[in-house]
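S.K.: Below is a structure I'd like to ask you about.
The values are calculated or read from the model by the stated rules, or taken from the named source; none is laboratory data. Quantities reported herein were computed from a predicted structural model and do not represent experimental measurements. Reconstructed Cβ throughout: ideal geometry from the backbone, glycine too, with neighbour counts over all protein chains shown. For the accessible areas, the whole protein counts, side chains as well, though only heavy atoms, and no ligand, DNA or RNA atoms are used. Shrake-Rupley method; radii C 1.70, N 1.55, O 1.52, S 1.80 Å.
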Amino acid sequence: MSEIPRTVVDIADAVATKQIKAREVVDHYLAQIEARDGEINAFNIVTADHARAQADAIDAALASGEKVGALAGVPVALKDNLCTHGVPTTCSSKILEGWKPPYDATVVSTLRGLGTISVGKTNLDEFAMGSSTENSAFGPTRNPHDTSRVPGGSSGGSAAAVAAGFAPVSLGSDTGGSIRQPAALCGVVGVKPTYGLVSRYGLVAFASSLDQIGPFATTVTDAAVITHAIAGYDPMDSTSIPKDVPDFRSAVSAGVAGMRIGRVTDLPEGAEPEVTQRLDEAFIALEKAGATIVDVQLPSFSYALTAYYLIAPAEASSNLARYDGVRYGMRQQASDVNAMYGVTRAAGFGDEVKRRIIIGTYALSAGYFDAYYGKALKVRRLIAQDFDRAYSQCDVIMMPTSPMVAFPFGDKVDDPMSMYLCDIYTIPTNLAGHAAVSVPFGTGAAGLPVGVQVLAPALGEVPMFKVAGALEAAQGGK
Amino acid sequence: MPDTGSSITPADVAKVARLARLDIDDAHIDHFTEQLAKVLQHFQDVDALDLSAVEPMTQAYPLVNVLREDVVQPCLDRQEVLSAAPDTEDGRFRVPPIIGLTE
Amino acid sequence: MSESLLPEGWELVVGLEVHVELDTKTKLFSGSPNRFGDEPNTNIDPVTLGLPGALPVLNKQAVELAMRIGLALNCTVQSCTFHRKNYFYPDMPKAYQISQYDQPLNVNGYLDLPGGVRIGVERAHLEEDTGKSTHIGGATGRIHGSDFSLIDFNRAGVPLVEIVSHPDIRTSEQARQYVSELRAILVAIGASDAKMEEGSMRCDANVSVHRFGEPFGTRCEIKNVNSIRSLGRAIEYEARRQYDIIENGGTIRQETRHWDDADGRTHTLRSKEDADDYRYFLEPDLVPLAPSAEWIENVRTALPKLPAQRRVELSALTGADVEGEAVTVVVERGQDAYVAEVAQVGGDAAKTLIYVLQAFAEVGAQSSIPPADIAALTMMERDGKVTATQAKTILAEIVEKGGGDPVVIAQSHGFEAMDYSAVEAMVDAAITAQPDAWAKYCNGEEKAVGALVGAVMKASQGKADGKIVTALLQKRKG
């Protein structure tokens, strides 16, 4: 009995060359889920029967010499805000509990077409709003490294699933850091691609101008392969970039000789000392690998939080208005339609979602638009301009992903502002529409994982993966 | 025009909750008001910036003229859609009376 | 008509908002069919239903037709953007409508009424239509008193152009002419079939009254006007209603009112506080639309001749009054080209116009009646070979049979025109026989001619041409 390969690349290769059956691979991962997801609660639903059937179909096709997809047999976990035809897609909210979409998200059908096998839908902060997955209506997900602590959010389920060995790769979504921050807290690789690189069709919208789908993986190469697989122009998404996608995989081992790595000298303080230490070590490692460190400034950086927490809730307040009990999802009885809206949405949404709908509606409302939403759009421009200036001096920028390692449950739920501050280093990239990746780099307090963030300009995934690959290699990585 | 961070009151929260069709009881309104006031307090930081010459940024990536040909695409299965609905009749979505709303 | 509507010194001010359904194959933002009359909820897709994860993509043909409308109304076509108009209503699947706000596609145009009055067109922009609600249980099928409502989303997402006029209309007749002319233009350019009774053209009127020299009064918006005739009635009712209030010392409340055609009055629609805060913001799921100068020019040159131009040309050809009934009706029927064809083969254009007006009501725009036949008949009448009355009979037969040689038809009826000199003799005889009537006529009593004409017709056994007889009498009178 051969060892089950644990990376996307190795699994795909082993299945394609018939060294192992797709069914064996899927059975392995389903067994891991069975053994430990009761404790971790990474999944809202495990689609075991379906996964086994898909694996069997792949094995049958291979046996009869038929062509299979390039990633045939690779198990994948999907964040439960990605529409999966016929499989409940809840966004971890009561208002969509049990709702089965009549269509697939583009990334879902793309991955299926490549032969990947979905093992289930993962838990998230309700409607992707949060940084700890404590806002899920179906209970929190626990950090596999320390189950008394959060896995981060909002894609906590997807991050934990990969960290716990429930799947070699998973998909999450990132609006203000919701892939990168949980990746850092769970010790895995997490990528937020350039805005527009990956189709948003079928991703349940939170903030339309900020949302992007991206992978979690245990290696940078796997992350690069999956990012490439889901990237590319989609005519169903008007914001999809109509350009060819270059190869990302080869960048991972290309090295960083001659590259310029930006170090931000005016970064807001507040990171835990160990986090700062790991970052310093990361810079040293890259210098050793032949890169040059360049000091850059991002003077408007700290205002990004304010801009984000006005823009994102504003767009969300509009995107979530469709949950009205008329066509799908939960409906509470009432004597008239207006009353029905009020009671349904009050019962269906959790507190954080309500808070953001209120902030967002307030920011857009008559008399407040210019002071809030209007101003935030201008701050957004300043942040983008800061990045443009910095990238004229360097190829990528490096900074922490999260200011802290995974924190205990309950630490921040009563203080929304302290929760929002978790995203201080990730938000600016979303506002600018750029790319960024979190790479695990050592540990911090209590031996918990620390992530280092590599930021790149729009469509800068190649230099980004080069540096990420070098960081991984520097740790004796894969 | 108010500066960012002007105090938000329970009346503001109640009004906005109505606009957003969220039934929130008084206790929660007070609680949210307190939390949101803190958040808006933090947002006062941007009042220090001179934004008079700054253009709003409305697009992450500059695209223009994204258009689709006028060609019919397959529709959803009506049965599948209606079976996911809270209440239907005669192939249509059924809702309680629409009173108190303007079009 | 409306001169007696308001007393001396008072003025009616009307602006019209017309919504037009465009004649595209698919919806504005998705590919399900744009078709009237199908089974409910069959022309649906994730975008139409506002499903989670759905995204809009703009229909190129809708843009083309919207530009045609703008150019036909002498607008400037400009780069434009889309906004979300946020409000809750069960037939609004997303709880926001994608429309155009401060940068619409077409601006600053005008429409010239047949009388020459120019009505300014402020804008003509694109937006999506809502679904359709049917109210069950109430007495009149209206909202008030209904037990529940049923929603069909087939119409949701259908492309609309909203045409907003400046408040330049001053009479109910002008309002009716505006809508009539607009309809003729829309049909001529192929943008819409513009049928008010089917809802593919909907008209709302903004009505106010004021004393000359004073600022415009508070206006009320009138909805539920389902025909051009109702439009006139509704405007007149509303003008009088407002005048009465002001004259009695009251003030007009700015509100939306519902026209009830059955009882001939407008009624307040119950308004909800906060209903008007639409929180417009730029639609983040769409990108700007900037039609190229080339595209705009192509649309402009491809525009067919508009009704106004066709009326001018028909008037020039026939000598008839450009604002007269004959020209208006014949162009409206699309039969002006036929008149030109008849003139082309030697027919008398003025007479042809009258023939077509009087006899071609049931004939379509493309007549298969050989123009040569009509041309020949006009010449026969002009040369006095048949009387006007006889020509009418021949014409009716030609129309009924779809053609025919007028000479042959005349012979078959035994028609021959009276000899001109014989008619002259009869005229002189009648003058001699009725000196009193003749004296009265010569003194200016026009009615006295009737007795003289009657005598000639009797003497000729109806074969004399009444017009010629009258003309001779006039000549004799001097």
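Yes/no matrix, rows are residues, columns are (1) loosely packed, with under 15 Cβ neighbours inside 10 Å; (2) of a type in the set (S, T, N, Q); (3) assigned to a strand (DSSP E or B):
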| position | (1), (2), (3) |
| --- | --- |
| A:S238 | no, yes, no |
| A:V245 | no, no, no |
| A:S250 | yes, yes, no |
| A:V256 | no, no, no |
| A:R278 | no, no, no |
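Table: residues versus (1) under 22 Å from C:D260 (Cβ atoms); (2) open to solvent by less than 10 Å² (accessible area, probe 1.4 Å); (3) at pLDDT below 95; (4) touching a helix residue (DSSP H, G or I) at 6+ places or on another chain (Cβ under 7 Å).
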| residue | (1), (2), (3), (4) |
| --- | --- |
| C:T171 | no, no, no, no |
| C:K195 | yes, no, yes, no |
| C:G199 | yes, no, yes, no |
| C:A205 | yes, yes, no, yes |
| C:V209 | yes, yes, no, yes |
| C:E247 | no, no, yes, no |
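S.K.: Test A:G329 against the stated conditions and say whether it is farther than 16 Å from B:A84 by Cα, at pLDDT 95 or above and either surrounded by fewer than 21 Cβ atoms within 10 Å (Cβ to Cβ) or more than 7 Å from every other protein chain (Cβ to nearest Cβ) (or both).
M.R.: So A:G329 does not fit the description; no.
S.K.: Would you mind finding the one in C:L65, C:L49, C:L28, C:L71 that is under 30 Å from A:A128 (Cα atoms), within 30 Å of the chain's Cα centre (by Cα), aliphatic (A, V, I, L, M) and assigned by TED's automatic domain parsing to the domain that holds C:L286?
M.R.: On inspection, the qualifying residue turns out to be C:L28.
S.K.: Then there is this: Please go through (1) under 30 Å from A:R331 (Cβ atoms); (2) at pLDDT 95 or above; (3) part of a loop (DSSP other than H, G, I, E, B) for C:L160 and return the number of the only condition it doesn't satisfy.
M.R.: C:L160 satisfies all of (1) under 30 Å from A:R331 (Cβ atoms); (2) at pLDDT 95 or above; (3) part of a loop (DSSP other than H, G, I, E, B) except (3).
S.K.: Being in a helix (DSSP H, G or I) and within 14 Å of B:R78 (Cα to Cα) is the filter; apply it to the stretch C:48-65 and report the residue that is farthest from the other protein chains (Cβ to nearest Cβ).
M.R.: Per the stated criteria, the residue is C:T48.
S.K.: Select from the stretch C:283-336 the residues that are under 30 Å from A:L364 (Cα atoms) and not in a loop (DSSP other than H, G, I, E, B) and list them in ascending order.
M.R.: Selection gives C:L289 alone.
S.K.: May I ask you to list the residues in the stretch A:332-352 that are within 7 Å of chain B (Cβ to nearest Cβ), open to solvent by less than 10 Å² (accessible area, probe 1.4 Å) and over 16 Å from B:I29 (Cβ atoms)?
M.R.: A:V337, A:M340, A:Y341
S.K.: So is C:R68 more than 9 Å from chain B (Cβ to nearest Cβ), of a type outside the set (S, T, N, Q), in a helix (DSSP H, G or I) and open to solvent by 30 Å² or more (accessible area, probe 1.4 Å) or not?
M.R.: Spelling it out, C:R68 is indeed more than 9 Å from chain B (Cβ to nearest Cβ), of a type outside the set (S, T, N, Q), in a helix (DSSP H, G or I) and open to solvent by 30 Å² or more (accessible area, probe 1.4 Å).
S.K.: Picking from A:D351, A:D414, which residue would you name as being charged (D, E, K, R) and over 27 Å from C:E283 (Cα atoms)?
M.R.: Result of the check over A:D351, A:D414: A:D414.
S.K.: Name, by its number, the condition in (1) surrounded by 17 or more Cβ atoms within 10 Å (Cβ to Cβ); (2) of a type in the set (V, I, T); (3) more than 7 Å from chain A (Cβ to nearest Cβ) that does not hold for B:V71.
M.R.: (1)
S.K.: Listed residues C:F148, C:F216; which is free of Cβ contacts under 8 Å to residues at least 40 places away in the same chain and more than 30 Å from C:T26 (Cβ to Cβ)?
M.R.: Among C:F148, C:F216, only C:F148 is free of Cβ contacts under 8 Å to residues at least 40 places away in the same chain and more than 30 Å from C:T26 (Cβ to Cβ).
Table: residues versus (1) open to solvent by less than 40 Å² (accessible area, probe 1.4 Å); (2) among the hydroxyl-bearing types (S, T, Y); (3) at pLDDT below 90.
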{"residue": "C:A350", "(1), (2), (3)": "no, no, no"}
{"residue": "C:L357", "(1), (2), (3)": "yes, no, no"}
{"residue": "C:V363", "(1), (2), (3)": "yes, no, yes"}
{"residue": "C:A372", "(1), (2), (3)": "no, no, no"}
{"residue": "C:A375", "(1), (2), (3)": "yes, no, no"}
{"residue": "C:Q390", "(1), (2), (3)": "yes, no, yes"}
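S.K.: Taking the criterion of being buried (at least 21 other Cβ atoms within 10 Å of the Cβ), under 21 Å from C:E283 (Cα atoms), at pLDDT 95 or above and within 12 Å of chain B (Cβ to nearest Cβ), would at least one residue in the stretch C:101-115 satisfy it?
M.R.: Among the residues of the stretch C:101-115, not one is buried (at least 21 other Cβ atoms within 10 Å of the Cβ), under 21 Å from C:E283 (Cα atoms), at pLDDT 95 or above and within 12 Å of chain B (Cβ to nearest Cβ), which makes the answer no.
S.K.: Kindly indicate the residue of the stretch C:76-85 that is of a type outside the set (F, W, Y) and open to solvent by less than 10 Å² (accessible area, probe 1.4 Å) and also nearest to the other protein chains (Cβ to nearest Cβ) among those meeting that condition.
M.R.: Restricting to residues being of a type outside the set (F, W, Y) and open to solvent by less than 10 Å² (accessible area, probe 1.4 Å), the top hit is C:R84.
S.K.: Could you list, in sequence order, the residues of the stretch C:458-478 that are within 18 Å of C:K385 (Cα to Cα), open to solvent by 30 Å² or more (accessible area, probe 1.4 Å) and within 42 Å of the chain's Cα centre (by Cα)?
M.R.: The answer is C:G462, C:K463, C:K467, C:I468, C:T470, C:A471.
S.K.: Based on this model, can you work out whether A:V204 counts as out of contact with any Gly (no Cβ under 7 Å at 6 or more places or on another chain), in contact (Cβ under 8 Å) with a residue 40 or more places away in the chain and either surrounded by fewer than 24 Cβ atoms within 10 Å (Cβ to Cβ) or of a type outside the set (K, R) (or both)?
M.R.: No.
S.K.: Quickly run through the stretch A:114-149 and pick out the residues that are aliphatic (A, V, I, L, M), under 18 Å from the mean Cα position of the chain (by Cα), on the phi < 0 side of the Ramachandran plot and not in a loop (DSSP other than H, G, I, E, B).
M.R.: Across the stretch A:114-149, the qualifying residue is only A:V119.
S.K.: Given the criteria under 20 Å from C:Q177 (Cβ atoms), of a type in the set (A, V, I, L, M) and outside any strand (DSSP E or B), does C:A205 qualify?
M.R.: So C:A205 does not fit the description; no.
S.K.: Another question, if that's okay. Out of the residues in the stretch A:353-388 meeting the condition of being touching a residue at least 40 places away in the same chain (Cβ under 8 Å), basic (K, R) and within 7 Å of chain B (Cβ to nearest Cβ), tell me which one is surrounded by the fewest Cβ atoms within 10 Å (Cβ to Cβ).
M.R.: A:R355
S.K.: Only one residue in B:L36, B:L40, B:L51 is modelled with pLDDT of 90 or more and among the aliphatic types (A, V, I, L, M). Which one?
M.R.: Just one listed residue meets the conditions, B:L51.
S.K.: A further question on this structure: List every residue pair whose Cβ atoms lie under 6 Å apart, where the two residues are 6 or more positions apart in sequence or sit on different chains, the first residue falls within the stretch A:273-286 and is within 17 Å of A:G447 (Cα to Cα), and the second residue, located anywhere, is in a helix (DSSP H, G or I).
M.R.: Taking only residues 6 or more apart or on different chains, the pairs are A:E274/A:A445.
S.K.: Just to be sure I understand, how many residues within the stretch A:67-90 are outside any loop (DSSP other than H, G, I, E, B) and without any contact (Cβ under 8 Å) to a residue 40 or more places away in the chain?
M.R.: 1
S.K.: Right, next: Quick check on my filter: what residues within the stretch C:376-410 are of a type in the set (A, V, I, L, M) and not in a helix (DSSP H, G or I)?
M.R.: Result: C:V386, single match.
S.K.: I need the full set of residues from the stretch C:279-326 which are among the acidic types (D, E) and open to solvent by less than 50 Å² (accessible area, probe 1.4 Å), in order please.
M.R.: Of everything in the stretch C:279-326, those that are among the acidic types (D, E) and open to solvent by less than 50 Å² (accessible area, probe 1.4 Å) turn out to be C:E283, C:D285.
S.K.: Something else now. In contact with a Leu (Cβ under 9 Å, 6 or more places away or on another chain) and either within 14 Å of chain B (Cβ to nearest Cβ) or of a type in the set (S, T, N, Q) (or both): does that describe C:L314?
M.R.: It is false that C:L314 is in contact with a Leu (Cβ under 9 Å, 6 or more places away or on another chain) and either within 14 Å of chain B (Cβ to nearest Cβ) or of a type in the set (S, T, N, Q) (or both).
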